[in-house]
Amino acid sequence: MKSGITRAVLTSSYVDTAQPAAMASGGAPLPPSANHCATKVELTISCENLMDMDIFSKSDPLCALYINTSGSHWSEFGRTEMILNCLNPKFAKKFVIDYYFEMVQRLKFCVYDIDNDSHSLTDDDFLGEIECTLGQIVSSRQMTRPLLLNNKRPAGHGTITICAEEIIDNRVANFEVSAHRLDKKFLWWSDPFLEFYKQTQTGWQLAYRTEVVKNKQNPVWRPFTISLLSLCGGDVERAIRVDCYDHRLNGSHQLIGSFTATLAEMQIATRISAAEFECTHPKKSKKRNYKNSGIICINNCQIAIDFTASNGNPNVPNSLHFINPEGYNEYLKAIWAVGNVIQDYDSNKMFPVFGFGAELPFSQRVSHEFPINFNPSNPFCVGIEGVVQAYRQCLPQLKLSGPTNFAPIINHAACFARQALQQNVASQYFVLLIITDGVITDMDQTCTAIVNASRLPMSIIIVGVGGADFGEMEFLDSDDVLLCSPRGLVATRDIVQFVPFRDFQENSAALAQSVLAELPDQAVMAAVGSPGPKVPECVTKVALSISCENLLDMDAFSKSDPLCVLLMNSSGPHWCEIGRTERIMNCLNPKFSKSFVVDYHFEMVQKLRFEIYDIDSENYSLQDADFLGELECTLGQVVSSRNLTRPLVHKDKRPAGKGTITICAEERTDNRVVDLKLQDFFGKSDPFLEFHKQTETGWQLAHRTEVVKNTLNPTWRPFRIPLPALCGGDVERPIKVDCYDYNSNGSHDFIGCFETTLAQIQQGSQTYAAEFECINSKKKQNKKGYKNSGVIVVKKCKIVKEYTFLDYIMGGCQINFTIAIDFTGSNGDPSSPQSLHYINPQGYNEYLAAIWAVGNVIQDYDSDKMFPAFGFGAQLPPRWQPRVSINFNPANPFCAGIEGVVKAYQYCLPQVKLYGPTNFSPIINHVAQFGKQAMQQETASQYFVLLIITDGVITDMDQTLRAVVNASRLPMSIIIIGVGGADFSAMEFLDGDDGVLRCPTGETAMRDIVQFVPFRQFQNAPQEMLAQSVLAEVPGQVVSFFNSVRLRPPQGDTPLPDPAASAPPP
């Protein structure tokens, strides 16, 4: 073997891949509630000691992931790449899935030995599987389990390891790599490939593997993309290792050499010419005179409708085009389901609609592409309603014929996409929806059309109606293998998404989610030009900033005191409150500093309602407030317009005076915040500050401080501003700070302002304090010798990481779950079927249903799965006790798992006498003791969740209020589930969504820690719906508490990189 110079020309850059849809692929079903913790988790898979199923070589493993959120159906989520001849594979392709704390997301990882080119896995050897939940993975962060066969016997000595990482950074690094003078094999050149590794606490983790370049001395690899999180955890100063191997068919690849560097080093060095890194082999390095095995050089671091006869006569009920008396058929349902989502992203809502395979009335010839409004010069329909109307009108005039040709309509849409490519910006993207019933008759031409269209800003959605064989449609939806034309031309990306309508007969919302799931990722790939790491769902967080103008004045001697409430609806009639802004006193043109951060799903119609109230009471009750107007819209409309202004209307849709509301949307992909501490030197006044971010449309309010009353030298309380809200994550973007003198009538006097950047504030505050002159432009023009209106001093400015829920869970924080069950007499005799404690022959009552629903989710976050369970209000011999362990062991009240809790409850129930009263405070104070002990630790190691299941009115309300207020200062949340049909107004009062909770002595709660849900609302709903509702607020409560007391996760914390180093190079 010849030792030579390894000279790899590696071009890399990193870019922000903020997803389109005007800011913005399908996996797990989305929960219906709006107020939940949804984030993306990346799963990295590796295996060891797999079974060898091949005679003359080793197994060729591939891992398939299946997901199940309810019922018995498992749906395939995705597959890794296949690795040839390997029993210890490290898969480079990762799974990125949406994580919901309040759902049990069941996962199944199946490993196969791939022996053929078929997409089907039925002909391949099964190497083993594991079933687990996503909660188990994220709570352990890295989970290793033995693989099992279908009969649950061990699959030899095989194991699988799953590593989880939260995705909170959407930047990617683009690489172009080539090499020169690589080491030779004995008689021929090497077959090299590269592996990129990220440094983690447990060692080096594979981030990316290139393709093999065969028999080349100077190989050139295809350009590729690696997400910054996978490569370096978002930290450009973290070490990266690059290994170069010579590929061997038997899987025993030979190491050529490796090097270690950081992305920052690559970037800095390539600004001038090329960065050179010595590629060394550890064994060869021991040889005398050995220098290296080569030098790696980095040059740069940076709608169509099927009218064929197979549908049947439209006048006959058996026809797929037959419109029943309710005005329904499968074609119409597909149009409505998809169109309702997609129309929010088309500014003029004019849709061209074509049919194919029909004999037209005026020509008696079959047309493979005709406008259904019979107007070739203007085939556009006004909105989805116009599409439906045109379809109904054209249907009786057509003679259904054939054949089923897709190519003409695909090529027609592609013409417009080609024109769009002539522009220099990503201004247009085209989606073709084909609704069809059968076999494609021009398959070769269709494959060619799709391959050509894959190079254009275009996606194709196919909905198959009826019960035909859709094998050809599934072939076109090539999720794992890129489509190839008959001439051998390969598609640059997968642009087809096929869904059979029969799988979604009763759920049009799920149909829309499924068919539109891949669209955002396809649009990103078309714009960026490289597929990069695939993200199977589009879920991201969007921040909504609210302002209003010309509100109604409802107060006699002052102006209205407005507050905005946001409600969300994703299905059905129920609206769920997301949150509220602050109240602004005496103001008809409010700019609210508090923004709403909501989960955005492209494939869902997420209805929003913004309600404006004039708040007149100190408890912020909406019942006592005057209604100032509302706006209903969809989140899609907001993000597609980015800045949406609409008139406010009353409940009866009359205009609310001249009032308007403006909603600004911005994607949140950065969880850093700015810690600030400020002081100023003015004349005596009541000053407050407003921080503004520079946007394309002007200055946008990012934060408003409190008012400091009647002081010469005010000092404001330290505060935090999210980096995206302040400067969009760019420390060089201008920031404007306005200072006002507060007036109670709302006409605040302008003192002055200054402009700066976050980088300047940081630099100035590093030594002592940054000082900025506050200038009033009018005074400067009119007064001679004017210097300033005061000096604002920034004593502290630090960019820190705002930890997420998964940072705490994956960093070792344990969720401790305690259950308290109401054994008061108002439940009724447990032996009577009318009793709430009566267990029916199926082993069910509402108490058990609540325990199973919540416990099944929460148990994944407790490592020992030992749960203390108590009863209250029961009479035990010889006396009534306020709290009793349901296993009758006060020294050890723990039950093994949720099954143990259920068994203990069933055993305890016949032995206690239901009594009273209904006192909550003893059990709350009991759990609070453990919360106090946890606070003595220096990290966020434990959080406590108390589940109270009760049937009635609280009899110790004052003591309970005091207990809840005290518990709000501890790592603790309280979930209350009300069973039966009683009046639960006291519980709703404790769930302090309508205002700050106060105890009788006037002390206020630090935060809202109570979530109340009446069981009767979920009596006929799936069990998972109850869990989603009651657990929805827990992740936010965990994060808000630990961040407020500045506690870090116990493990896995890495210091935040310098933002200047993380910024793209100039």
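Readers should treat all values here as calculations from the given coordinates under stated rules, not as data from a laboratory. Quick caveat, the model's predicted, so the values are computed rather than measured. FYI the Cβ positions are ideal-geometry reconstructions off the backbone, even for glycines, and counts take in every protein chain you see.
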May I ask you to order 844-856, 325-337 by the average number of other C-beta atoms within 10 Å around their residues, highest value first?
844-856, 325-337
Tell me, what is the FRET efficiency for ARG222 and GLU76 to the nearest 0.05, using R0 = 30 angstrom and their Cβ-Cβ distance as r?
0.65
Three-way shape call for region 814-1044 based on the alpha-carbon gyration tensor, with the a/c threshold at 1.5:
rounded
Pull out the extension gain between ARG392 and ASN411, defined as 0.36 nm times the separation in residues minus the alpha carbon to alpha carbon distance; nm, one decimal.
4.3 nm
What number, rounded to the nearest 500 deg cm²/dmol, is the helix-based mean residue ellipticity at 222 nm of the chain, given -39500 (n - 2.57) per DSSP H run of at least four residues and division by all its residues?
-5500 deg cm²/dmol
Just the projected area, averaged over all directions, of the convex hull on the alpha carbon atoms of region 38-167: how many nm²?
7.9 nm²
Would you kindly calculate the translational diffusion coefficient of region 539-668, applying Stokes-Einstein with the Kirkwood radius from alpha carbon pairs, for 37 °C and a viscosity of 0.692 mPa s, and quote it in µm² s⁻¹ without decimals?
221 µm²/s
Rounded to the nearest 0.05, what FRET efficiency is calculated for ARG1016 and LYS795 with R0 set to 60 Å and r the Cβ-Cβ distance?
0.65
7 Å from Cα along Cα→Cβ at both ASN318 and ASP115: what's the point-to-point distance in nm?
4.3 nm
Rank these for me by crowding, VAL138, VAL388, going from fewest to most other beta carbons within 10 Å.
VAL388, VAL138
Post the alpha-carbon centroid distance, region 209-227 to region 118-144, in whole angstrom.
29 Å
Quick check on the chain: take the gyration tensor over C-alpha atoms, sort the square-rooted eigenvalues as a ≥ b ≥ c, and tell me if it's rounded (a/c under 1.5), prolate or oblate.
rounded
Please list the non-local residues whose amide H lies under 5 Å from the amide H of GLY752, H modeled 1.01 Å from N, same-chain partners needing a gap of 5 or more.
CYS739
Under the Karplus curve 6.51 cos²θ - 1.76 cosθ + 1.60, θ = phi - 60°, whole-Hz ³J(HN,Hα) for region 768-781, x wherever Gly or Pro sits
9, 7, 8, 10, 9, 6, 9, 10, 9, 4, 5, 5, 5, 6
Long-range amide H contacts for LYS216: which residues qualify at under 5 Å (H placed 1.01 Å from N, peptide plane, sequence gap of 5 or more or a different chain)?
SER190
Please give the Cα centre distance for region 366-390 versus region 740-783, rounded to the nearest Å.
58 Å
Give me the number: length gained by fully extending GLU696 to ARG418, i.e. 0.36 nm times residue separation minus the C-alpha to C-alpha distance, one decimal in nm.
97.2 nm
Rounded to the nearest whole Å³, what is the per residue volume of the convex hull around the Cα atoms of region 965-1036?
92 Å³
Hz values of 3J(HN,Hα) by residue in region 400-417 - Karplus curve (6.51, -1.76, 1.60), Gly and Pro given as x
5, 9, x, x, 9, 9, 8, 4, x, 6, 5, 5, 4, 5, 5, 4, 5, 5
If a/c stays under 1.5 just call it rounded; otherwise compare a/b with b/c (prolate if a/b is bigger, oblate if not). Do that for region 341-476, with a ≥ b ≥ c from the square roots of the Cα gyration tensor eigenvalues.
oblate
For the chain, give me the percentage of DSSP beta bridges that are antiparallel, rounded to the nearest 5 percent.
80 percent
Karplus couplings for region 696-712 from phi (6.51 cos²θ - 1.76 cosθ + 1.60, θ = phi - 60°), rounded to Hz, Gly and Pro as x?
5, 9, x, 8, 10, 4, 10, 6, 10, 7, 6, 8, 9, 7, 6, 9, 7
Inter-site label distance for SER1044 and SER744 at 7 Å from Cα along Cβ, in nm
2.9 nm
According to a simple spin-label model (label point 7 Å from Cα along Cα-to-Cβ), what is the distance in nm between GLN906 and LYS783?
8.1 nm
What FRET efficiency would be calculated for the residue pair GLN623, TYR768, taking the C-beta separation as r and a Förster radius of 41 Å, to the nearest 0.05?
0.20
What residues have an amide H closer than 5 Å to that of SER227, excluding those fewer than 5 places away on the same chain, when H is modeled at 1.01 Å from N in the peptide plane?
ALA173
Measuring from centroid to centroid over Cα atoms, what is the spacing of region 886-946 and region 613-650 in Å?
42 Å
